[in-house]
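Novice: Shown below is the structure under consideration.
The values are calculated or read from the model by the stated rules, or taken from the named source; none is laboratory data. What you see is a predicted model, and the numbers here were worked out from it, not measured in a lab. Don't worry about glycine lacking a Cβ; one is built from the backbone with ideal geometry, like all the others, and counts go over all protein chains shown. Heads up: the accessible areas ignore ligands, DNA and RNA and are worked out on the full protein's heavy atoms, side chains in. Shrake-Rupley method; radii C 1.70, N 1.55, O 1.52, S 1.80 Å.
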Amino acid sequence: MKPRVLLRAIGAFALTLLLGACANGGVSAPTESPAGAYGVAVGGEGVAQGIPGLADGTPFRVIEDVKHDAVAVPVDPQRVVTLSEPTLDGALALGVRPVGSVNGRGQTTMPNYLLDKAEGIPAVGSVAQFNYEAIAALKPDLILTYASGGNNPETIEIMKQIAPVYFVGYAGAEWKTTFRNVANALNKAGQAEQELEKFDAYAQKVKDALYAAGYGEKTFSIVRWQGSNASLILKDLPPGMALETIGLRRPPAQDKEGRGHSEPISLENLADADADYMFFGTLGGSSASNPVAGGTADLSGAEQAYQEAQGVPGFRELNAYRDGHVILVDGSLWTSTGGPLLMTGIIEFVEKALL
């Protein structure tokens, strides 16, 4: 990208960061081979000298991210910025409180399901658009990012001039793998395995109870409602993975993987949202064309969306509606993405709602 185009795309502040790095004689590592630039191979350790975000003398490790890029990260990160729900969720699950994060998808606050744990963490933008100046002002020593709307190559390069950037995963990736990548960057791999063992044991207990109660033969839909339109949460996103983990079957139209965050359906295909039971939520005013729109994602938002849905032709004819099996949920938990805290929260909700 040419400098003038870059200036228009990311602003004068970001350009200043790039130029400053160049003026310092190549302080930052070349994108293609940061490990070589620092004289440390992947898996090795060193002492920082001229690494953006790390004070000289800071011990660092060189690890590989999901793009197979070598990244020099501090051995003991102290000021972490997380730029997605999965990275914030994963950090909090490991007892690391970020110094900054992004608002939840379709929300004007930290993700609603994490509000109690993330209270007071400054926002540095949204999952689709980051505020570089706010990130830099926090003086992070590690930035954890994920495949969200704001993570284009130019954005990543700009943030590398602020602090080491570790890319943890992509939408649709197995959530445990993403969590393990977060833990690897934070040097807490052992603790992550302990958390996953606890999760697996809890999920198995709930699965056994659901089957004993006869829910193994039922089907369960996950619907994100926006205005007059429904979107389906399929198997490749964490909420879909959560239902699969506890053995709850999906209706045929949802028993598959998809592309992107959710799959919109037309009113003519509204029956694709039907099942024996429907978990029904919303993410405020956000949509595929406007992912950063603000709104309410909690149960009050679901209640409002449910009133709107009942006015849409065909919704009242769905079996889940006619049988009284539409279960309103927190959309930030049920129709978004996250990590072990989200997965545990979904299963806890199912346990309380059905058992």
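Novice: Kindly state which helices (runs of 4 or more DSSP H) lie completely within the range 299-355 and contain at least 3 residues that are out of contact with any Gly (no Cβ under 8 Å at 6 or more places or on another chain) and either hydrophobic (A, V, I, L, M, F, W, C) or surrounded by 15 or more Cβ atoms within 10 Å (Cβ to Cβ) (or both).
Specialist: The helices (runs of 4 or more DSSP H) meeting that bar are 299-310, 319-322, 340-354.
Novice: Another one. Right, Thr58: more than 30 Å from Trp225 (Cβ to Cβ), at pLDDT 90 or above and among the β-branched types (Val, Ile, Thr) or not?
Specialist: Taking the combined requirement at face value, the residue satisfies it.
Novice: Going by the structure shown, is Leu88 open to solvent by 10 Å² or more (accessible area, probe 1.4 Å), outside any loop (DSSP other than H, G, I, E, B) and not small (Gly, Ala, Ser)?
Specialist: Taking the combined requirement at face value, the residue does not satisfy it.
Novice: Checking the structure you have, find out if any residue of the range 273-289 is at pLDDT 95 or above, touching a Gly at 6+ places or on another chain (Cβ under 6 Å) and in a strand (DSSP E or B).
Specialist: Yes; the residues of the range 273-289 include at least one that is at pLDDT 95 or above, touching a Gly at 6+ places or on another chain (Cβ under 6 Å) and in a strand (DSSP E or B).
Novice: Of the numbered conditions (1) surrounded by fewer than 18 Cβ atoms within 10 Å (Cβ to Cβ); (2) in a strand (DSSP E or B), Ala253 fails exactly one; give the number of that condition.
Specialist: (2)
Novice: Here's something else I'd like to know. So how many residues does the range 111-150 have that are of a type in the set (S, T, N, Q) and surrounded by fewer than 20 Cβ atoms within 10 Å (Cβ to Cβ)?
Specialist: Of the residues in the range 111-150, 2 are of a type in the set (S, T, N, Q) and surrounded by fewer than 20 Cβ atoms within 10 Å (Cβ to Cβ).
Novice: While we're here: Of these, Lys205, Lys235, which one is open to solvent by less than 60 Å² (accessible area, probe 1.4 Å) and charged (D, E, K, R)?
Specialist: Every option except Lys235 fails the conditions.
Novice: For Glu193, indicate whether it is surrounded by fewer than 22 Cβ atoms within 10 Å (Cβ to Cβ), assigned to a helix (DSSP H, G or I) and either at pLDDT 95 or above or small (Gly, Ala, Ser) (or both).
Specialist: yes
Novice: Write out, first by first residue and then by second, each pair whose Cβ atoms fall under 7 Å of each other, whose residues are 6+ apart or on separate chains, and whose first residue, in the range 28-54, is farther than 16 Å from Ile158 by Cβ while the second is at pLDDT below 60.
Specialist: Every condition considered, the pairs that remain are Ala37/Ala29; Ala37/Pro30; Tyr38/Ala29; Ala41/Ala35; Val42/Ala35; Gly50/Val27.
Novice: Okay, moving on. Looking for whichever is within 16 Å of Ile327 (Cα to Cα) and part of a helix (DSSP H, G or I) here; the options are Leu243, Leu270. Which one fits? Explain how you work it out, then say what you get.
Specialist: Working: Leu270 fails: within 16 Å of Ile327 (Cα to Cα).
None of the other options fit; the residue is Leu243.
Novice: Sticking with this structure for a sec: Of the conditions (1) acidic (Asp, Glu); (2) more than 24 Å from Asn184 (Cα to Cα); (3) in contact with a Leu (Cβ under 6 Å, 6 or more places away or on another chain), Asp89 satisfies every one except a single condition; which number is it?
Specialist: Unmet condition: (2).
Novice: Hey, another quick one. Regarding Asp200, is this residue assigned to a helix (DSSP H, G or I), surrounded by fewer than 21 Cβ atoms within 10 Å (Cβ to Cβ) and not hydrophobic (A, V, I, L, M, F, W, C)?
Specialist: Considered against the rule, which asks whether it is assigned to a helix (DSSP H, G or I), surrounded by fewer than 21 Cβ atoms within 10 Å (Cβ to Cβ) and not hydrophobic (A, V, I, L, M, F, W, C), Asp200 comes out as yes.
Novice: Ok, one more. I'd like to verify a number: residues in the range 91-110 that are part of a strand (DSSP E or B) and open to solvent by 20 Å² or more (accessible area, probe 1.4 Å), how many?
Specialist: Of the residues in that region, 1 qualify.
Novice: Sort out which residues of the range 149-190 are assigned to a loop (DSSP other than H, G, I, E, B), modelled with pLDDT under 95 and touching a Leu at 6+ places or on another chain (Cβ under 9 Å), and write them in order of number.
Specialist: Residues satisfying the conditions are Gly150, Asn151, Ala171, Gly172.
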